[in-house]
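Engineer: Here's a structure for you.
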Amino acid sequence: MDSVWDDVRVEKSTVDEPAISSSAQEKLALIKSTLFKLDQEDKLESNSWVQLVKLISDEDREEEFTTFKELLRKITDVNDKSITGVALIHYIIVFDRANYIELLHNNFSGAKLDLNLVDNVVGYTPLMWSFSLQRRNCCLELFNSFDEINFNMKNNAGLTAWDMVPPYSPLSEFLEQNNMFRYRDENQHEVSQISQPKGSFLMTDEDSTTKETFDNIDLQVAGLTLSSDANENLFLDSQDKNVNHSQGPTAFTDPMYTEDYHGAFEYDKLLADQYLEFSDFDIPQILNLLISLPQKEPHMTTYPAGLIYQCIRYADHKIKSKSLVESLINLSLTKILTSVSSNGAAGLISTEASLQAGDIVLQSYWLSCLSFLYYYLCRDESFFKRHPSVLQELINTIHSIIIELTSSIHCRLLSLIDSTLLAYTTIQDVRQTLYKKDWNFFKKRKQAKLLLKEKNRKQLKEQKKESHQKYQDQENRNEHDQRDENNSDERVSINDDNKSNTSLFYDKEILRHLYPPSFEEQMIPSPLKIVQIFGALSYVLNLHQTHPIFQQQCLSISVNWFATTLFNKILKDKKKRSLSRAHAIQIRLNLSTLESWIQNNDFCVPKPLLIDDFMWQRFPMTLIRDVGEIDLSDPILRNVASYKPVGENNKDMIYDMSNSLFYYQPFHKIAQIHLEPVFQLLQWLQVATTLDSEESLISTMNLLPRITPVQLLKSMEKYSYELNENKFNSKLKKFLINKIKENKMNKSNAYLQEHEIPYLVLPTIPEMTDLYSKGPDSHSFQPFLPGSIQDDVYEIHDTNFKQRQNEPRISQSNLNTLNSSDDEDRQKDETQRSTEDVDVREALDFENSALNGRNDDYFQELNIPSSTAQRPAWSNNDDMEQNPW
């Protein structure tokens with residue numbers, strides 16, 4: 001049988017073993033347990049069918065086609081399952097012997113292989129077994145006979161084979177790539193029900209429904225999904241969604257689970273339980289809930305990202321309010337940035353005084369949260385094109401948090417550089433080095449005393465050896481001369497003497513080295529402290545599952561800030577003699593500890609495969625504009641780096657940090673680029689005074705391209721010469737001065753720029769899809785929320801909504817009370833006026849007639865409304881948060 005998918009066959013050695021759900025593993029164990037029956041009955045040993053099953057199930061043996069054909073010739077019914085309840089086709093798929101399917105299909109008996117045969121143990125067809133166990137090669141063999149397969153047969157739980165394909169699994173992608181989903185029939189009313197396995201009992205409709213419900217739940221716990229008609233409707237109304245949701249299988253779900261019950265998150269459809277309803281007056285309390293999640297749900301960074309994203313989905317797709325979407329994102333990002341800002345400047349760091357040690361756990365938590373939020377918004381089709389300002393805000397916030405995290409790490413490193421690198425010495429000669437600029441009188445006396453003490457120690461050691469030899473000879477003579485009793489007494493005394501002499505024999509220096517260092521020595525800061533700080537940064541980034549490209553940027557900026565600060569400290573330092581040959585050797589040795597850590601923790605961010613150079617150059621502008629509208633000379637996004645192609649000669653080392661390709665290099669290469677100026681400066685300090693000609697100086701400068709002539713000259717001006725060291729050649733110093741003048745360099749630019757802030761690099765959509773949508777843990781990266789967070793949001797919205805509904809009633813009751821009091825006052829006034837003196841009224845009438853020439857009763861009474869009738873309920877409350885405006 002010729003295969004139409006031969007070119008897509010998967011070799012077992014080239015792919016990882018697929019992650020099988022626990023439910024599928026239990027069913028697999030049931031099939032394997034039927035093999036014990038074959039071993040227990042001796043009469044079945046000679047049965048050809050049994051021998052075939054043992055050949056298929058022997059995992060230690062390779063596929064033996066000749067033996068299989070010989071045994072298959074003796075089989076009259078290839079669909080026989082009378083012995084174990086399982087047919088040969090089922091065993092072949094369970095033990096992943098895909099090549100045997102074709103032989104079984106073309107059997108010699110002429111009997112037609114039933115590809116819709118159901119086993120009596122689990123009740124699965126061959127296609128169901130292939131999908132549930134993710135046997136891709138078996139799927140290929142079965143699809144070669146697609147006209148013989150009923151793709152929509154259901155088992156006793158009402159599930160088809162398509163329901164057993166785990167979403168976003170390698171099998172799902174495999175079926176999609178080979179266009180095998182075209183055989184799926186969505187017309188559920190035409191699906192035929194397969195027969196019950198043998199031994200099954202009759203159930204009533206109620207029992208059948210209950211069993212099907214629990215089977216469906218078990219299936220979803222195993223990582224599979226159920227088909228639902230509700231998923232086919234895009235952006236349903238709330239009433240329709242509630243109806244469909246209550247009728248579908250998801251009505252039995254527990255919100256504490258994610259994909260096990262919810263299935264895959266539908267980014268292109270607005271489904272129930274995948275968005276959060278809210279109003280503008282709920283935002284302050286939602287933000288407070290958002291900020292409290294690091295304490296309530298530590299290290300679960302998808303929860304705050306899912307909270308923001310599900311609220312955005314409601315505002316964007318349900319009520320279609322652009323202002324509400326942008327307002328929510330702006331307030332959320334501002335709230336997050338305020339909670340992580342250690343210096344209140346949100347990344348505006350310029351001096352060492354402004355650096356503060358923030359909480360790196362909290363900062364990495366929110367960095368991971370925003371990386372997931374960025375991924376969710378990218379999966380929401382055309383979101384950034386509808387809201388382009390949101391992308392810029394997200395870039396600025398992620399950039400600021402990375403700088404905040406780097407600042408916290410650098411602040412901890414800053415106080416350790418002097419003690420752990422510049423002042424820490426393990427080489428004894430470095431400690432005893434004498435320098436010309438020092439007053440050496442006391443040092444010489446001290447050194448002479450040390451030499452004399454060493455000489456006396458050696459003489460004492462020789463004397464101890466001679467004394468020990470004399471006592472040993474004396475003991476031998478006494479053993480032959482004295483009596484037994486005297487010998488025993490003498491032997492005891494000699495042994496005591498030998499012990500004392502032996503203890504004197506051992507050198508105290510040797511004994512000192514046999515013991516561990518003292519507590520005082522262990523408390524001295526060492527380069528290991530620097531490694532521990534960088535290790536803490538790497539740990540929290542991995543703990544919160546931050547995207548690798550953001551991890552690379554955090555580590556790169558931290559190493560860069562550390563290297564520039566160390567370089568400038570060496571160049572400025574005088575007290576610790578860092579600018580000297582001996583200390584340069586010691587500092588380079590101290591840095592080797594950090595180099596070893598970098599090599600052991602090396603990693604490389606894989607480049608995106610499904611994107612070409614043309615599109616990569618225009619990313620991330622392609623998120624907010626069409627390709628034809630993008631002008632590379634006029635970037636529309638700020639603080640973000642883009643991809644720039646490099647030549648073949650420059651691919652080994654990329655130094656341009658504005659090129660996103662810089663962060664796709666291995667971490668050890670990035671660290672080497674940042675530490676290179678420090679290493680070359682230390683190399684220069686070790687050889688500078690040995691140079692005696694311009695040719696040697698020029699060749700040395702060519703080997704140190706990261707050091708400028710200004711820095712070379714600066715290091716020699718503050719150089720500390722050893723006692724017997726030659727001074728730097730004056731001719732070479734003049735050569736460096738002329739070189740500086742020729743290149744028009746400024747002598748004040750000898751120091752490197754500290755705290756340089758590079759552009760942010762965003763991961764591409766193919767990168768995030770490969771990382772977050774594939775693999776056994778892909779469900780944990782989806783924006784699902786636990787029931788506790790959903791309940792909190794629902795409670796916030798319901799409480800505020802009821803309060804808002806009660807406000808008009810309160811205002812109406814106040815208005816009614818006011819009107820009734822006004823009517824009473826009006827009646828009292830009328831009664832009072834009727835009892836007034838007639839003469840007074842006539843006098844008033846006379847004045848009015850005199851003034852106006854007529855009787856004018858206007859403005860005799862003026863009903864001024866009370867101010868309380870027009871004041872809403874929140875005006876009496878001092879809490880400004882109650883004011884929605």
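The values are calculated or read from the model by the stated rules, or taken from the named source; none is laboratory data. What you see is a predicted model; the values in this text were computed from it and never measured. We place every Cβ from the backbone using ideal geometry, glycine too, and count neighbours over all the protein chains shown.
Engineer: Looking at the structure I just gave you, is V118 assigned to a loop (DSSP other than H, G, I, E, B), touching a Pro at 6+ places or on another chain (Cβ under 8 Å) and either modelled with pLDDT of 85 or more or surrounded by 18 or more Cβ atoms within 10 Å (Cβ to Cβ) (or both)?
Structural biologist: Yes: the conditions hold for V118.
Engineer: Right, another one. Any residue that is out of contact with any Cys (no Cβ under 9 Å at 6 or more places or on another chain), part of a helix (DSSP H, G or I) and buried (at least 20 other Cβ atoms within 10 Å of the Cβ) - is there at least one of those in the stretch 520-531?
Structural biologist: Yes, there is a match, as at least one residue in the stretch 520-531 is out of contact with any Cys (no Cβ under 9 Å at 6 or more places or on another chain), part of a helix (DSSP H, G or I) and buried (at least 20 other Cβ atoms within 10 Å of the Cβ).
Matching residues to (1) closer than 27 Å to S172 by Cα; (2) in contact with a Ser or Thr (Cβ under 7 Å, 6 or more places away or on another chain):
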residue	(1), (2)
E62	no, no
L71	no, yes
V94	yes, no
G123	yes, no
M128	yes, no
I149	yes, no
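Engineer: Tally up the residues in the stretch 133-163 that are assigned to a helix (DSSP H, G or I) and in contact (Cβ under 8 Å) with a residue 24 or more places away in the chain, please.
Structural biologist: 13
Engineer: Does K81 count as out of contact with any strand residue (DSSP E or B) (no Cβ under 9 Å at 6 or more places or on another chain) and in a helix (DSSP H, G or I)?
Structural biologist: no
Engineer: Being on the phi > 0 side of the Ramachandran plot and in contact (Cβ under 8 Å) with a residue 60 or more places away in the chain, is that true of even one residue in the stretch 100-118? Outline the logic, then answer.
Structural biologist: Quick first cut of the stretch 100-118, residues on the phi > 0 side of the Ramachandran plot only: 110.
Going one step further and asking which of them are in contact (Cβ under 8 Å) with a residue 60 or more places away in the chain, we end up with none.
The answer is no, given that none of the residues of the stretch 100-118 is on the phi > 0 side of the Ramachandran plot and in contact (Cβ under 8 Å) with a residue 60 or more places away in the chain.
Engineer: Here's something else I'd like to know. Could you tell me which residue of the stretch 628-667 is surrounded by the fewest Cβ atoms within 10 Å (Cβ to Cβ), considering only residues that are among the acidic types (D, E) and outside any loop (DSSP other than H, G, I, E, B)?
Structural biologist: The selected residue is E648.
Engineer: Could you tell me how many of the residues in the stretch 532-583 are over 19 Å from S596 (Cβ atoms), in a helix (DSSP H, G or I) and aliphatic (A, V, I, L, M)?
Structural biologist: 8
Engineer: Can you work out which of the residues in the stretch 708-753 that are modelled with pLDDT of 90 or more and in contact with an Asp or Glu (Cβ under 8 Å, 6 or more places away or on another chain) is surrounded by the most Cβ atoms within 10 Å (Cβ to Cβ)?
Structural biologist: In this case the residue turns out to be L732.
Engineer: Which of the residues belonging to the stretch 775-800 are more than 12 Å from L307 (Cβ to Cβ) and surrounded by 15 or more Cβ atoms within 10 Å (Cβ to Cβ)?
Structural biologist: Residues satisfying the conditions are G775, P776, S778, H779, F781, Q782, H797, N800.
Engineer: Within the stretch 93-104, can one find any residue that is over 20 Å from K54 (Cβ atoms) and surrounded by fewer than 18 Cβ atoms within 10 Å (Cβ to Cβ)? Step through it out loud before you land on a result.
Structural biologist: Filtering the stretch 93-104 down to residues over 20 Å from K54 (Cβ atoms) leaves 102.
Okay, now just the ones that are also surrounded by fewer than 18 Cβ atoms within 10 Å (Cβ to Cβ), so 102.
For the stretch 93-104, residues over 20 Å from K54 (Cβ atoms) and surrounded by fewer than 18 Cβ atoms within 10 Å (Cβ to Cβ): present.
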